[in-house]
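Q: Handing you this structure, nothing more for now.
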Amino acid sequence: MAQPVSEHQDIQAIMRSGFGRLDEAAFLLLRITDVDRAKSWLAAIAEAPGAGRLPYRVTHAADLGSHQTRALQVAFTAPGLKKLRLPDMLFRDGTTHAFPREFRFGMAGEGLDPEGRSRRLGDVGANAPSNWEWGGAEAKTPDALVMLYAEAGGLSDFQQMVMADLAPGCDVFRALDTAPPSDNAKQRREPFGFVDGIGQPEIDWQANRTPGTLGDLEYGNLIAPGEFLLGYENEYGLYTERPLLDPGQDPSNILSPAPDDPGRRDLARNGCYIVFRDLEQDVAGFWDFVRRNSPDDEGVSLAEAMVGRRLATGDPLITVTQADIRGIGPDAEDIRQNGFTYEADPEGLSCPFGAHIRRSNPRSADLPGGRQGLVSRLLRTLGLQQRGARDDLISSSRFHRVIRRGRRYDGVSRGIRFICLNANIARQFEFIQNAWIVNAKFNAMDHEADPLLGNRLPFPADHFTDSFSLPQAIGPNRRVAGLPQFVTVRGGGYFFLPSLRALRFFAR
């Protein structure tokens, strides 16, 4: 039986909040230059309130019940954790209870078939790691990420103070700025102009669901904590593999016992993995293209079809028919923007099959269509009964959700500092990216990848991916060809976001 999450003082607050009230943010990429001094800073920021060594500390989930004027979060790459002298066995192949391979080898897959990994993620051509401004090559990979948030007017002083405190032990080799909200905190917009941050999964903090039961087969937005927080049951009713230690490796008894292996100490409990990608957006190119191909309305209808939502409101193109989806809040706007599946649009006439929101979350259930008889359930589970080529009984959406916490940036270039949280990088972010975003065969389509994020390169070698189809009620689909690349990857990495207990353990 799943247990509610109660250790909020051990969980970094970004798991529960994107700090929407804090309009300003900056992300510091660090290299550790003096391990002992870096550990001293970690010890200070992980201390209990009132310890007084620093005027700030890591913001945890329990802090969110009070007014926050600023927040700090910290995460580490595999090379950074090695510098902190974590046991070597946590980074070895063939070792049980180690960090997962995708985290250890990084987003660019250094030493782990890098070309294959980049191809699967769509990081080829202009997106190739060799072109990145940070990440990719070992020389450009950070050891740590410090995320700073503050109320309007408060970031500059906060950032300078933190950087001064970091200086004895760390070099800030890149500070990534962000832009203030383009509208208001509830309607943040990304550079193309669409409302951002809609459609987030809701963590089942109180364990109100029992995943896998017959009453739990329809699409829902309420997701098991273990899909995001390590050390809790996931949507399979299992614990995700994670780094565990022998008790002798934790002589100060800082870490808690692993719930699924009480004889070991759980280094990862209440932590997760962060995927960080700098995505530059060609705003002028995007709007020039849609205006040329949809001149009657200045390109708005084509842009909306490519995204899957209304430009003005963020509402989905599909009519909301299921306001009772679990995990959708009672707020009318929440229901209007997120209370739907694609069951009412089987032909893609309202929201095209290739629209960005339909690719990034197909809203599929274990058994499409919901409640069915025992025989039907059995046939579908065995894969012996399908309604059509677009049925995907294996990739139920609830196994592949991520929580997004990115911010936009403006300046000479514009784009998104894409940040997402997940417990299993391979099954969540990498699956979404490979199977749904860059896959030219997604949802039985052909010759098209994600209309926003696609790199447009042929895959395989002679299979072009630069078109977008709009299904028509009568006659053949309308196909818009020759899409240019609108989004380019400029940097990226995988980070481990530890619990506060783990931070104290690192500092020892």
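The values are calculated or read from the model by the stated rules, or taken from the named source; none is laboratory data. Keep in mind the model is a prediction, meaning the values are calculated, not measured. Every residue, glycine among them, receives a Cβ derived from its backbone with ideal geometry; neighbour counts consider all protein chains shown.
Q: Looking at the stretch 495-503, can you tell me whether even one residue there is of a type in the set (Ser, Thr, Tyr), at pLDDT 95 or above and under 30 Å from Phe27 (Cβ atoms)?
A: yes
Q: Filter the stretch 11-29 for residues that are of a type outside the set (Ser, Thr, Tyr) and part of a loop (DSSP other than H, G, I, E, B) and give the result.
A: Within the stretch 11-29, Ile11, Arg16, Gly18, Phe19, Gly20, Arg21, Leu22, Asp23 meet the criteria.
Q: Of the residues Ala207, Ala224, only one is surrounded by fewer than 20 Cβ atoms within 10 Å (Cβ to Cβ), touching a Pro at 6+ places or on another chain (Cβ under 9 Å) and among the small types (Gly, Ala, Ser); which?
A: Only one candidate qualifies: Ala207.
Q: Would you call Phe442 within 12 Å of the chain's Cα centre (by Cα), of a type outside the set (Gly, Ala, Ser) and farther than 30 Å from Leu72 by Cβ?
A: Criteria not met by Phe442.
Every residue, every condition in (1) in contact with a strand residue (DSSP E or B) (Cβ under 8 Å, 6 or more places away or on another chain); (2) among the aliphatic types (A, V, I, L, M), yes or no:
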residue	(1), (2)
Ala71	yes, yes
Gly109	no, no
Asn127	yes, no
Leu148	yes, yes
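Q: Among the residues of the stretch 248-285 satisfying the criterion of being in a loop (DSSP other than H, G, I, E, B) and of a type in the set (Gly, Ala, Ser), which is surrounded by the fewest Cβ atoms within 10 Å (Cβ to Cβ)?
A: Ser252
Q: Given Gly299, Gly263, Gly271, which one is on the phi > 0 side of the Ramachandran plot and modelled with pLDDT of 95 or more?
A: The match here is Gly299.
Residues are listed down the side, and each one gets a yes or a no for (1) among the acidic types (Asp, Glu); (2) in a loop (DSSP other than H, G, I, E, B); (3) modelled with pLDDT of 85 or more:
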residue: Gln322; (1), (2), (3): no, yes, no
residue: Asp334; (1), (2), (3): yes, no, yes
residue: Gln337; (1), (2), (3): no, no, yes
residue: Ala344; (1), (2), (3): no, yes, yes
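This table checks each residue for (1) under 30 Å from Ile328 (Cβ atoms); (2) part of a strand (DSSP E or B); (3) assigned by TED's automatic domain parsing to the domain that holds Arg326.
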| site | (1), (2), (3) |
| --- | --- |
| Ser130 | no, no, no |
| Leu148 | no, yes, no |
| Gly153 | no, no, no |
| Phe158 | no, no, no |
| Asp165 | no, no, no |
| Pro168 | no, no, no |
| Phe173 | no, yes, no |
| Ala179 | yes, no, no |
| Gly199 | yes, no, no |
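Q: Now, a different point. Give just the number: which of (1) of a type outside the set (Gly, Ala, Ser); (2) touching an Asp or Glu at 6+ places or on another chain (Cβ under 8 Å); (3) modelled with pLDDT of 95 or more; (4) closer than 22 Å to Val195 by Cβ does Ile318 not satisfy?
A: It is condition (3) that Ile318 fails.
Q: May I ask you to say which residue of Ala139, Ala167 is without any contact (Cβ under 8 Å) to a residue 40 or more places away in the chain, surrounded by 14 or more Cβ atoms within 10 Å (Cβ to Cβ) and either more than 14 Å from Val489 (Cα to Cα) or among the hydrophobic types (A, V, I, L, M, F, W, C) (or both)?
A: Checking each option against the conditions leaves just Ala167.
Q: Would you pick out the residues in the stretch 470-508 that are within 30 Å of Leu349 (Cα to Cα) and assigned to a strand (DSSP E or B)?
A: Answer for the stretch 470-508, where residues must be within 30 Å of Leu349 (Cα to Cα) and assigned to a strand (DSSP E or B): Leu470, Arg478, Arg479, Val480, Ala481, Val487, Thr488.
Q: Okay, moving on. Collect the residues in the stretch 54-98 that are closer than 16 Å to Ala38 by Cα, touching a helix residue (DSSP H, G or I) at 6+ places or on another chain (Cβ under 6 Å) and part of a loop (DSSP other than H, G, I, E, B), keeping them in residue-number order.
A: Those that are closer than 16 Å to Ala38 by Cα, touching a helix residue (DSSP H, G or I) at 6+ places or on another chain (Cβ under 6 Å) and part of a loop (DSSP other than H, G, I, E, B): Leu54, Arg57, Val58, Leu84.
Q: Go through the stretch 429-480 and give me each residue that's on the phi > 0 side of the Ramachandran plot and of a type in the set (S, T, N, Q).
A: Asn443 - this is the single residue of the stretch 429-480 that is on the phi > 0 side of the Ramachandran plot and of a type in the set (S, T, N, Q).
Q: For the condition over 20 Å from Ile437 (Cα atoms), surrounded by 14 or more Cβ atoms within 10 Å (Cβ to Cβ) and touching a Gly at 6+ places or on another chain (Cβ under 7 Å), what is the one hit in Phe91, Phe105?
A: Answer to the selection: Phe105.
Q: Additional query: Contact list please: Cβ distance under 9 Å, first residue in the stretch 302-322 and in contact (Cβ under 8 Å) with a residue 24 or more places away in the chain and surrounded by 20 or more Cβ atoms within 10 Å (Cβ to Cβ), second residue among the β-branched types (Val, Ile, Thr) and in a loop (DSSP other than H, G, I, E, B), pairs at least six apart or on different chains.
A: Listed by first residue and then by second, the contacts come to Gly308/Ile318; Arg309/Ile198; Gly314/Ile198; Pro316/Ile198; Ile318/Thr341.
Q: Here are Phe442, Phe464: which of them is farther than 30 Å from Ala139 by Cα, surrounded by fewer than 19 Cβ atoms within 10 Å (Cβ to Cβ), of a type in the set (Phe, Trp, Tyr) and out of contact with any Cys (no Cβ under 7 Å at 6 or more places or on another chain)?
A: After applying the criteria, what remains is Phe464.
Q: Still on this structure: Just need a number here: residues in the stretch 196-233 that are in contact with a strand residue (DSSP E or B) (Cβ under 9 Å, 6 or more places away or on another chain) and polar (S, T, N, Q).
A: Going through the stretch 196-233 one residue at a time, the tally reaches 3.
Q: Could you grab me the full set of residues in the stretch 433-448 that are modelled with pLDDT under 95 and out of contact with any Lys or Arg (no Cβ under 7 Å at 6 or more places or on another chain)?
A: Ala435, Val438, Asn439, Ala440, Lys441, Met445, Asp446, His447, Glu448
Q: Still on this structure, please answer the following. Looking at this structure, is Ala365 touching an Asp or Glu at 6+ places or on another chain (Cβ under 7 Å), of a type in the set (Gly, Ala, Ser), assigned to a loop (DSSP other than H, G, I, E, B) and modelled with pLDDT under 90?
A: Judged against the criteria, Ala365 is a match.
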